[in-house]
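Structure first, then comments.
The values are calculated or read from the model by the stated rules, or taken from the named source; none is laboratory data. What you are looking at is a predicted structure, and each value in this text was computed from that prediction instead of being measured. FYI the Cβ positions are ideal-geometry reconstructions off the backbone, even for glycines, and counts take in every protein chain you see. Calculation scope for accessible area: heavy atoms of the full protein, side chains included, ligands and nucleic acids excluded. Shrake-Rupley method; radii C 1.70, N 1.55, O 1.52, S 1.80 Å.
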Amino acid sequence: SLGEQVSYNNYAGNGEGFNLTNLTAGDIYTIHVSYKSTSVPYTLLIFAQKPAAELTDNTGAVDSTEYASQSNTYTFTAKEGGTYRISVTGIADDVKLCLYIYDANGNLVKSDESCRNGDTLTLTDLAPGAKYTIKISANGYITEYIISVQ
């Protein structure tokens, strides 16, 4: 609202965009679109980040990505020690999502940047009460999926 630039993307193509963080509710933001070459019709879509969802042992969540740069976040706390598998199913054969798992300190523990239907990441030797954050990034795809912890 003060006229200062908070973000930009000089070369956004079809389906591309950018994420804005730390916006203030109630403030007014202006989006300026200009063409570098021939002008064409476009649709501007604005999405809010989904809140983090809690996953529990032996459960899954049906979710989706609605825009190309979306990232969905889940939290998981191991009730018991041992081995856990994080699986992603229900996505189309030609879709690849990014799957990241972080420990309680924010350190990347495991990742799959080309996660396909049925792929699994395994966490071993977990202590009871160990906390993890799981992120699924759209990787340019819009799709439904099921994430589960077993």
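So here's what we get for this one:
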| item | result |
| --- | --- |
| Within the accessible area of the chain (1.4 Å probe), percent carbon and sulfur | 48 percent |
| Order of exposure, largest accessible area first, which applies to LEU45, LEU97, LEU2 with probe 1.4 Å | LEU2, LEU45, LEU97 |
| Under 30 Å from LYS110, Cα to Cα: lysines that are on another chain or at least 8 residues apart | LYS50, LYS79, LYS96, LYS131, LYS135 |
| Over the chain, relative contact order from alpha-carbon pairs under 8 Å, at least 6 apart, % | 30 percent |
| Nitroxide proxy distance, nm - points 7 Å out along Cα→Cβ at ILE46 and GLN150 | 4.2 nm |
| Length added when fully stretched, THR133-THR21, from 0.36 nm per residue minus Cα-Cα | 38.4 nm |
| Rounded to the nearest 10 Å², the accessible area of LYS79 at probe 1.4 Å | 140 Å² |
| Rounded if a/c under 1.5, otherwise prolate or oblate - segment 74-150, Cα gyration tensor axes | prolate |
| Residues of the chain: accessible area per residue with a 1.4 Å probe, Å² | 67 Å² |
| Area accessible to solvent at ASP119, 1.4 Å probe radius, in Å² | 50 Å² |
| Alpha carbon centroid spacing (whole Å) that separates segment 73-112 from segment 23-58 | 25 Å |
